Amino acid sequence: MSTWLVTGGAGFIGGNFVLDAIATGGVRVINLDALTYAGNPQTLAGLAGNPDHAFVHGDIGDAALVRTLLAEHRPDAIINFAAESHVDRSIDGPAAFVQTNVVGTLNLLECALVHWRGLAPERRDAFRFLHVSTDEVYGSLGPEGRFTETTAYAPNSPYSASKAASDHLVRAFHHTYGLPVLTTNCSNNYGPWQFPEKLIPLVIQKALAGEPLPVYGDGRNVRDWLYVGDHCAAIRRVLEGGRVGEVYNVGGDAERENIQVVKTICALLDERRPLADGRRRESLITFVADRPGHDRRYAIDASKIRGELGWQPSESFESGLARTIDWYLGHQDWVGHVLDGSYRMERLGAASPA
């Protein structure tokens, strides 16, 4: 049985990855998470008492803790999901993003390097450090074209700049020290267990309550949407068969304008949970001032991971969104728990840095 150190494994993508890994079997997961506002132990409640999952409350920037975990558990791989991830929050307070995404990743790399060098030769050859990143590091596209693994970095928000820096550090540790790294850059994820500050769960919750549905600018910003279960499967494939030192873009081949996404959510909720007054939820859409520096379009070319590793998404945007809405309708207790008072679905990212 392999052992993996998964960082950020109580967050949205990391939590889904851990749940999937344990359900698939054959691996023991050491799950390190700082439990910031977006990390939720309830996501992992189904793993209580499972001997293949060990949760550790801590920060990737804590060198002593990371060294202890590596020495005690001797993992065969490190999968780094730990990150501050919301663009709007990075506009309000960029320093926290640099601390976690840049300084924290650097600490994790330094500790991983010492661990890797201390492994027996056969285990050293098999070890991997997989860094999970974002397509936002590439900046903004015009109406044509897609991001490839060789697209030049041009981050436009404090969040994407911090992730770009972490990507460069991962690359540098491979080319300078030989650490066997892999990097994935994904498009916008959606699905179960996502904190309701991101577009899809935010709109679901506000639409359920019959509240105004804020849409930035003209609503025509385009994102490529990726169901989180498909993303987790892609990460597994890269971990199993990816070429050391390589980058793999992961996308859902599902470009949609933001306004299309919101209207689709409205229609699906109208079918499942009509408003008491009979209004169509599309009437709740309210256009608001755009996000500062809002990238116009992202689109992923995922031909490399398809061609080399045989991965492709199993969910269309329509099927994945329907599954997501049904999950949130069935887990309103979880949503109520995470909306504990620190965040009430208010507008973020409209202010100057704190």
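Quick notes
- If you filter region 62-88 down to residues that are more than 19 Å from the chain's Cα centre (by Cα) and not in a helix (DSSP H, G or I), you find that the one that is nearest to PRO155 (Cα to Cα) is ASP62.
- Selected residue (criterion: farthest from VAL222 (Cα to Cα)) from residues of region 162-191 that are in contact (Cβ under 8 Å) with a residue 40 or more places away in the chain and among the aliphatic types (A, V, I, L, M): LEU179
- Residue within region 276-293 that is closer than 21 Å to ARG146 by Cβ and at pLDDT 95 or above present: no
- Selection of region 24-45 for residues being modelled with pLDDT under 95, part of a helix (DSSP H, G or I) and surrounded by fewer than 19 Cβ atoms within 10 Å (Cβ to Cβ) yields PRO41, GLN42, ALA45.
- Verdict on VAL87 being modelled with pLDDT of 95 or more and either under 21 Å from LEU169 (Cα atoms) or buried (at least 16 other Cβ atoms within 10 Å of the Cβ) (or both): no
- GLY118 farther than 30 Å from TYR216 by Cα, touching an Asp or Glu at 6+ places or on another chain (Cβ under 9 Å) and surrounded by fewer than 17 Cβ atoms within 10 Å (Cβ to Cβ): no
- Test for ALA64: is it under 24 Å from ASP135 (Cα atoms), surrounded by fewer than 22 Cβ atoms within 10 Å (Cβ to Cβ) and free of Cβ contacts under 8 Å to residues at least 24 places away in the same chain: no
- Of the criteria (1) surrounded by fewer than 22 Cβ atoms within 10 Å (Cβ to Cβ); (2) touching a Pro at 6+ places or on another chain (Cβ under 8 Å); (3) hydrophobic (A, V, I, L, M, F, W, C), which one ALA209 fails: (2)
- Looking only at region 245-288, and only at residues there that are touching a helix residue (DSSP H, G or I) at 6+ places or on another chain (Cβ under 9 Å), of a type in the set (D, E, K, R) and assigned to a helix (DSSP H, G or I), the one that is surrounded by the fewest Cβ atoms within 10 Å (Cβ to Cβ): ARG272
- Failed item, numbered, when ALA154 is tested on (1) among the small types (Gly, Ala, Ser); (2) touching a residue at least 24 places away in the same chain (Cβ under 8 Å); (3) not in a helix (DSSP H, G or I): (2)
- Flag for ARG306 being out of contact with any Lys or Arg (no Cβ under 6 Å at 6 or more places or on another chain), within 15 Å of VAL203 (Cα to Cα) and basic (Lys, Arg): no
- In region 1-15, the qualifying residues are those that are touching a residue at least 60 places away in the same chain (Cβ under 8 Å) and surrounded by fewer than 24 Cβ atoms within 10 Å (Cβ to Cβ), and the one that is farthest from the chain's Cα centre (by Cα) is SER2.
The values are calculated or read from the model by the stated rules, or taken from the named source; none is laboratory data. Bear in mind that the values here come from a model prediction, so they are computed numbers and not experimental data. So basically every Cβ, Gly included, is an ideal-geometry build from the backbone, and we count neighbours across all protein chains shown.
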